[in-house]
1. Report, in degrees rounded to the nearest 10, the 0 to 90 angle that the Cα long axis of helix 100-111 makes with the longest principal axis of the chain.
2. If eta is 0.692 mPa s and T is 37 °C, what Stokes-Einstein diffusion coefficient results for the range 2-127, Kirkwood Rh from Cα pairs, in µm²/s?
3. Okay, helix-only estimate at 222 nm for the chain: each DSSP H run of n ≥ 4 adds -39500 (n - 2.57), divide by all residues, round to 500 deg cm²/dmol; what do you get?
4. With everything on Cα atoms, drop me the angle between helix 60-74 and the longest principal axis of the chain, reported from 0 to 90° to the nearest 10.
5. Using the Cα centre as the reference, give the magnitude of the dipole from point charges on the C-beta atoms of the chain (Lys, Arg: +1; Asp, Glu: -1; all else neutral), rounded to the nearest 20 debye.
6. Report the residue, chosen from Tyr84, Tyr120, Tyr20, that carries the largest GNM mean-square fluctuation when the chain is represented by alpha-carbon nodes joined by springs under 10 Å.
7. Take every DSSP beta bridge with both residues inside the range 2-127 and express the antiparallel ones as a percent of the total, to the nearest 5.
8. Positive end of the dipole of the range 2-127, charges at C-beta (+1 Lys, Arg; -1 Asp, Glu), about the Cα centre: which of Asn82, Ile105, Ile67 has its Cα farthest in that direction?
Amino acid sequence: MFRIDNQDNETICMLLILDYRRPSVLDDFPILKEIEDENSFEGAENYIHTVIISEEKLEENIVGRIIEVIEGLVEHKPNCDNNYSFYISKFPDHFEAGAHLIEYIKPILNKMNFGIDLTYITDKHFNYLTQE
């Protein structure tokens, strides 16, 4: 999870990047369902979805800048599709990395149908870039 702050060091949003490690499917892109069907959709070998978590709806100019950050992180992955969605939620009481963040993201993971076992993650796992 990445936190994005403004110039006043106030948190604008958090980015939760979910690597599904499976081919992308049409259902990953609801907006395309009006344009394509299962036969015409050409997915990639991997699908990454970024959840933009904020406490309130974000202004369009801020959303545009956040999308630029997301694209900078994931768009250059070979044979990989990516998409994003928004999730409105009160931020955790403290942002320090640790196992308490697991409890915070569980409802988001459930909503995104992202099945993963997080029971093994301890505070020490947060010393690394990924918590695998």
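Every number here is computed from the coordinates shown, using simple stated rules; none is lab data. In this text, all values refer to a predicted model and were calculated from it rather than measured experimentally. All Cβ positions, glycine included, derive from the backbone under ideal geometry; neighbour counts span all protein chains shown.
1. Taking the Cα atoms of the chain, the angle to 100-111 is about 20 degrees.
2. Values: Rh = 16.1 Å.
Translational D for this selection: 204 µm²/s.
3. Mean residue ellipticity, 222 nm, calculated: -6500 deg cm²/dmol.
4. Once rounded, the angle reads 80 degrees.
5. I would put it at about 420 debye.
6. Tyr120
7. On the way: 10 of 19 bridges.
Bridges in the range 2-127 are about 55 percent antiparallel.
8. Final value for the positive-end residue is Ile105.
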